[in-house]
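The values are calculated or read from the model by the stated rules, or taken from the named source; none is laboratory data. From a predicted model like this one, the values you see are computed outputs, not experimental measurements. All Cβ positions, even for glycine, are placed from backbone atoms using ideal geometry, and neighbour counts span all protein chains on display. Each accessible area value is taken on the protein alone, full model and side chains, heavy atoms only, with ligands, DNA and RNA left out. Shrake-Rupley method; radii C 1.70, N 1.55, O 1.52, S 1.80 Å.
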Amino acid sequence: MRKSLLVLTILLVGVGMCAFGQVPYPGTLRIGAISEAVTLDPVNAYDTSSGQQLLQIYEGLLAYAPSSITEYVPWLATAVPSYDNGLVVAGEDDFGAYTLVTFPIREGVYFHNGNVLDPGDVEYTFERCLVVDPAGGPQWMAYNVFFGLDYNSLADVVDAFGQDGAKQKIQEAVEVSGNNVTFKLYGPFGLFYSSLMNDRTYWGYIVDKAYSITNGAWPQDFDIELGVDWKMGPEGAASPLYDIPNGTGPYMLNLWLPVEQVILEKFDGYWRGWDGDHVDFMITFNISEWSTRRTMFEAGDLDICYVPRQYMGQLIGTEGLRTVFGYAAAGNSGVMLINDVNPESQFIHSGQLDGKGVPPDFMNDIDVRKAFHYAFDAATYAEQIYLGEAVPSYSQLPIIFGDAVYQTYMYGFDLEKAEEHFRKAYDGQLWDLGFKLTLEYNIGNDMRRVSMEILEANIESLNPKFDLDVVGLEWASHLPAYQSRQMMVYRSGWGADYIHPYNFIQPYYHSQGNFMRVQGFGTPETDALIAQIGLATDVAELNRLCHEVQLWALEGAYTIPMVDPTGRTWERTWVQGRWFHSMGASSGNFKAYDVWKAVEGPGFILDNILFPGMASEEW
Amino acid sequence: MLKILKKLLTRPLSVAGFLLLFAFIVIAVIAPWIAPPQFEHEPYRIPRDGYWAEPKPPSAKHILGTAEGQYDIFYGVVWGTRTAFRVGIIVTLSGCLIGMVIGSIAAYYGGLIDELLMRIVDIFYTLPFLVAAMVLTVVLGRSLENSMIALICFTWMGYARVLRSEILRIKELDYAQAARAVGANNFRILLRHIIPNAMYPIFVMVSMNIGSMVIAVSTLSFLGLGAEIGYADWGQMISLARNWMLGSAGNATAYWFTVVCPGIPIVLFVLSWNLVGDALRDVLDPRMRGTR
Amino acid sequence: MTTYVLRRLIMLPIVLIGVTLLIFALLQLLSPFSRLAMFVTDPNQLKQGPEQLQEMVEALGLDDPVWMQYGRWLNQVLHGDLGWSESGRQPVVTAILSRLPGTLELALFAVIPVIFGGIWLGKITAVHQNKPLDHVGRVVAIVGWSFPTFVLGLLALFVFYGILDWFPPGRLSIAAARIVNSDAFTSYTKLLTIDALLNGNWFVLGDALRHLIMPVITLAYLSWALIMRVMRSSMLESMRQDYVTTARAKGQTERIVINKHARRNALLPVTTIAGTMFAGLMSGVVITETVFNRPGLGRFAASAATQLDIPSVLGFALFNGILFVVMNLIVDLLYAYFDPRVRLE
């Protein structure tokens, strides 16, 4: 149909439906969000807003099986390779042991521009990932599985193999043969599917080679200098494809008004077809003001709305709304205690143990660390900040990992024990001299601030000579302070990149991990254990290793466990069919293909296998 | 003098303005007694009763209720009076002084100096205020003092331009020409004749601005700058109300106190300064004398 | 007069260089890592640690000497490229030009009631000085002035949208937006109301107006007070001038005395303020735009400033500079028109 005629029809139908007071804009899903996509090119997308759009536009070779975080189903591939079906084969060469994983590629799949999906596209996708390595981007996960857990960037690969060696290795990493694509992994096969190949790891989505090259992306040319030519910068728009996506997914980009809204429309040639009820359009609005967003949601001008938890009380009981809650999020936070702080740091004041500051290695004293642990009131935090929708954490591994979590509370809120340890610290000197310390947080989030204030209030109540204060820094001042290691106590958060304990244990506990690197307590023995976790294939062994590492961390009292929150999402009662997977639940990412709008229907699809506590309520 | 006082005290709006202002001064002075500080060295830090986000309505413990984050509104309103005076007076008078100096120099000398100074005024007008405020916040930390500095840097221009245009206008008027004819020196003319007569629009501006500095700070709070969170400042308190203003499901006025309790002092404060400014101008302006 | 205009316009580049240089200098107060904050927005991005930050700083040239960074930027500008706006996810030029029509539309619709309403209010309160009308008018206007914008805006939103569902936030409804974005509709000026008229599309016109009413009224209510007060004060003053007394003595009707003589001269300071006000509206009223969810220059500039998106800030300062210089020129010309005694030197 001519576009204008189509628009007019939709308009009339929409107006008509409105006139009947039924469901406004029945073919359009309208989402009210507070942030928006940075890029629509999978190769450099690392934020959840981009992820939500990409989830509709592109696809991966595999997808998670329903209600599972460990099983997969074929998607753009036609089989899930395993040792059993012979598509996974182990091998060894002079570099090391490797795993060959072969995917047969599905036929009859089309990209939005009409091109057919073929194995060459898959090869191109992953070679491009390895060659352009966007700064600050997600491809470190690709290097982890292709080359090993010690490889996090293109620079690491070039350092190890040299220019020519690296080029050869990258080309060998993905090869086409007939209708199949074979991956050669020197890194752990156990992390391959979860971190790169499923429907939620958007950095592994398949792009169209011909389209990409025509539009200015890397031309699959290895006659370049790796790490210099075609290396992508940190900007969202560093990729020429960032606003002209072309995927195999059910929806394609209709219009992107930067910072305002993204409109996706139905791709008629989608390989899975369009039987059943679906929405034709998905519009994501960026509405930063809560009261405005809320009024629109209540008036029915938004179908799904992001509701900050602290305001949820304003919506409870509103007619026409549905809320789903009680599902554990794939993320948590912790208060890091940092050793060997920058001696010039403004936060440690005098820098001496003289009652007017703290020494840079204040956190080296285990009694100090334990005292801080006992001073954090996780229950009050959960109750007042999360409105009860959180449980105190055991460790830095969120409870969604079930048996891998060391499920014993080692500390907890106990002011007597906190005092006991403060008295013991520095052989009693600390108690007599007192100390002065500034706790810092990054402005913009009440949760961060309150966590620091709880510590401040509780610790100060023990001894009048303990002088703490809490200061908030803008991100722009926080970043340099972080870079120059000025903070001694710092609340950090981590959202899962992929569902595997390694993704949490490594950053928090490995000496080179994102957080432990800053804290400075890592040890080679623990590092070795953590590497094993990445490589483990047996579940029991995995759990045992995880317990051992967590025990080490808890006994050492390095990072104060906070709370494991459960999520909550809101939608209008006429939204039907939405469901969550563990990846995506915390950010509210969902597949629009399964959603439709109608007065009657199944509502939100609760998944009590993945989320035992999930429940729904509507008015 | 008595005549002036009499005039001031007979007009109803003028009396209202002065009374209001007086009431605010009283509250500011007795603040430590009616709202004793919880933190000895930080009287402007509002005491918090817990960490809940949801504001609690007025009760025996919190006479005016609590704002988002459980900050006591009564405390904030009382100590916020001091903040309002501080911010209003310091920022407005500093800005006014700077502006008047620059404006009169420009008008007095004319020519190239005038051009140069007016271009500097243009430059400051064009300078995005928020950038300056943001940079200050990043470099020096988020505080009321830094916001005041940023505000001073961006309010002086109005005074400069208005004063300059008034001076230019008056220069041509009869009595200025007469004084010149008599041989009085230019500078003297400027100081004794022109400026005092050019002050009236300035009066209006000052009286508007002292009051509205509170609002400027609330705009900054809205954008994430302004005073530290939990600082006793009306603008900030009203900014805290923004996510609760529309109440809860079925009860739109559930959180009325978060808006009304800081809002009324703001409105009355601005009103009082305006009325006082108007009254003073009406009474002191020689051209107004002899009128009804 | 042409020489006067030309002379003022020649000042323009000087002002622009002055502003941008000043901003650059201001930004040098920040360390290179602070200026990196626009690109690194999340600790998740720091997988490889502090060295990675250093790498990015160097890649973006943030630790080069000031004059070099400024020179680079200036060179870019002279080639017509204002750089990339990370916060707007578009080239800076596109970011500003795409938001300009929306802001212009709002400013034009708002400035008319503000200025004419304010002038009218100022006139009648001056003429009826100290009578009840004066008191009521002044108090009402001041109450509007003293309301923080968002309080009024949100209340208006709640009443007229939440309860009555008359005036929604945003610029257009989805239905109208689809028409505007389709091939059937040509956007000549990008000002929705004018384009709708030119396309003969009453639905879009009505829709655009419906979305304009509340922001306009909110802005107007908040700004009336200033114009009114300045008008009142200068009106009171000019009513005492000799030429007014003379006109009355000559037997002119009061109405002509007020309108022809007193008011004309009273308009001078008002013109100054009005010019500033329009320019201010053009640089956007960030709170109104945020509350009513309209894209605009105000929000863009505010978010660019708070995220330290330097190219956007500089680009916006250029735009602002041009705007102010041109507005000033117009105001000064109007001044000369209203008061023949003021000579354009």
Query - helices (runs of 4 or more DSSP H) (entirely within the range A:520-619) containing at least 3 residues that are free of Cβ contacts under 8 Å to residues at least 24 places away in the same chain and surrounded by fewer than 20 Cβ atoms within 10 Å (Cβ to Cβ) - result: A:524-535, A:539-556
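Per-residue answers, yes or no, for (1) open to solvent by less than 10 Å² (accessible area, probe 1.4 Å); (2) not in a helix (DSSP H, G or I):
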residue	(1), (2)
A:G165	no, no
A:K169	no, no
A:E172	no, no
A:V181	yes, yes
A:S195	yes, no
A:I206	yes, yes
A:Y211	no, no
A:G216	no, yes
Query raised in the report: Can we say C:L192 is more than 30 Å from B:Y255 (Cβ to Cβ) and either in contact with a His (Cβ under 7 Å, 6 or more places away or on another chain) or surrounded by 19 or more Cβ atoms within 10 Å (Cβ to Cβ) (or both)?
Result: yes
Report task. Report yes if some residue within the range B:72-86 is open to solvent by less than 40 Å² (accessible area, probe 1.4 Å), modelled with pLDDT of 90 or more, outside any helix (DSSP H, G or I) and within 14 Å of chain A (Cβ to nearest Cβ); otherwise report no. Result -> no
Query - Long-range neighbours under 9 Å by Cβ, at least six apart or interchain, first residue surrounded by 12 or more Cβ atoms within 10 Å (Cβ to Cβ) within the range C:1-13, second among the basic types (K, R) and not in a helix (DSSP H, G or I) - result: none
Query raised in the report: Looking at (1) within 23 Å of the chain's Cα centre (by Cα); (2) more than 8 Å from chain C (Cβ to nearest Cβ); (3) touching a residue at least 12 places away in the same chain (Cβ under 8 Å); (4) open to solvent by 20 Å² or more (accessible area, probe 1.4 Å), which is the only condition B:A150 fails?
Result: (4)
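Looking for whichever is assigned to a loop (DSSP other than H, G, I, E, B) and in contact (Cβ under 8 Å) with a residue 40 or more places away in the chain here; the options are B:P36, B:P57. Which one fits? I'd like the intermediate steps shown before the answer.
Values: B:P36 fails: in contact (Cβ under 8 Å) with a residue 40 or more places away in the chain.
The match here is B:P57.
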Requested in this report: Can you give me the ranges of the helices (runs of 4 or more DSSP H) entirely in the range A:430-516 with at least 1 residues that are β-branched (V, I, T) and touching a strand residue (DSSP E or B) at 6+ places or on another chain (Cβ under 9 Å)?
Outcome: A:446-460
Report summary line: Pairing a residue in the range B:210-232 that is more than 8 Å from chain C (Cβ to nearest Cβ) and closer than 17 Å to B:I46 by Cα with any residue that is at pLDDT below 80 and assigned to a loop (DSSP other than H, G, I, E, B), where Cβ atoms lie under 9 Å and the two sit 6 or more apart in sequence or on different chains, gives B:E228/B:G141
Report task. Please indicate, with yes or no, whether at least one residue in the range B:112-121 is of a type outside the set (F, W, Y), out of contact with any Asp or Glu (no Cβ under 8 Å at 6 or more places or on another chain) and under 13 Å from B:F154 (Cα atoms). Result -> yes
Report task. Say whether the condition of being open to solvent by less than 40 Å² (accessible area, probe 1.4 Å), assigned to a loop (DSSP other than H, G, I, E, B) and either modelled with pLDDT of 50 or more or not acidic (D, E) (or both) is met by at least one residue in the range A:10-24. Result -> yes
Query raised in the report: If you go through the range A:288-316, how many residues are facing another protein chain (nearest Cβ under 7 Å), open to solvent by less than 40 Å² (accessible area, probe 1.4 Å) and not in a helix (DSSP H, G or I)?
Result: 2
Query raised in the report: For the range C:4-121, list the helices (runs of 4 or more DSSP H) that sit wholly inside it and hold at least 1 residues that are facing chain A (nearest Cβ under 10 Å) and of a type outside the set (D, E, K, R); which are they?
Result: C:32-35, C:50-59, C:92-112
Query - Residues (among the polar types (S, T, N, Q) and without any contact (Cβ under 8 Å) to a residue 60 or more places away in the chain) located in the range A:156-171 - result: A:Q168, A:Q171
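Search the range B:3-16 for residues being within 17 Å of C:P132 (Cβ to Cβ) and of a type outside the set (K, R), and hand back the single one that is farthest from the other protein chains (Cβ to nearest Cβ).
My answer is B:V15.
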Query raised in the report: Which number in (1) at the interface with another protein chain (Cβ under 8 Å from one of its Cβ atoms); (2) over 15 Å from A:S49 (Cβ atoms) marks the one condition that A:M252 misses?
Result: (1)
Query raised in the report: Is there any pair linking a residue in the range C:79-100 that is touching a residue at least 24 places away in the same chain (Cβ under 8 Å) to one that is surrounded by fewer than 22 Cβ atoms within 10 Å (Cβ to Cβ) and charged (D, E, K, R), with Cβ under 7 Å and at least six apart or on different chains, and which?
Result: C:W84/A:E235; C:E86/A:E235
Query raised in the report: Name the residues in the range B:233-269 that are more than 8 Å from every other protein chain (Cβ to nearest Cβ), out of contact with any Ser or Thr (no Cβ under 6 Å at 6 or more places or on another chain) and either β-branched (V, I, T) or closer than 28 Å to B:V135 by Cα (or both), would you?
Result: B:W234, B:M237, B:L240, B:T253, B:T258, B:V260, B:I264
Report task. Identify all residues within the range B:21-44 that are over 20 Å from the mean Cα position of the chain (by Cα) and surrounded by fewer than 18 Cβ atoms within 10 Å (Cβ to Cβ); write none if there are none. Result -> B:I30, B:P32, B:W33, B:I34, B:P36, B:P37, B:Q38, B:F39, B:E40, B:H41, B:E42, B:P43
Report task. Would you mind finding the one in B:L275, B:L271 that is in contact (Cβ under 8 Å) with a residue 24 or more places away in the chain and within 25 Å of B:S147 (Cα to Cα)? Result -> B:L271
Report task. For the range A:488-495, state whether one or more residues are away from chain C (no Cβ under 13 Å), open to solvent by less than 30 Å² (accessible area, probe 1.4 Å) and more than 30 Å from A:G190 (Cα to Cα). Result -> yes
Query raised in the report: Is one or more of the residues making up the range C:116-139 buried (at least 20 other Cβ atoms within 10 Å of the Cβ), within 27 Å of A:T292 (Cβ to Cβ) and in contact with a Leu (Cβ under 8 Å, 6 or more places away or on another chain)?
Result: no
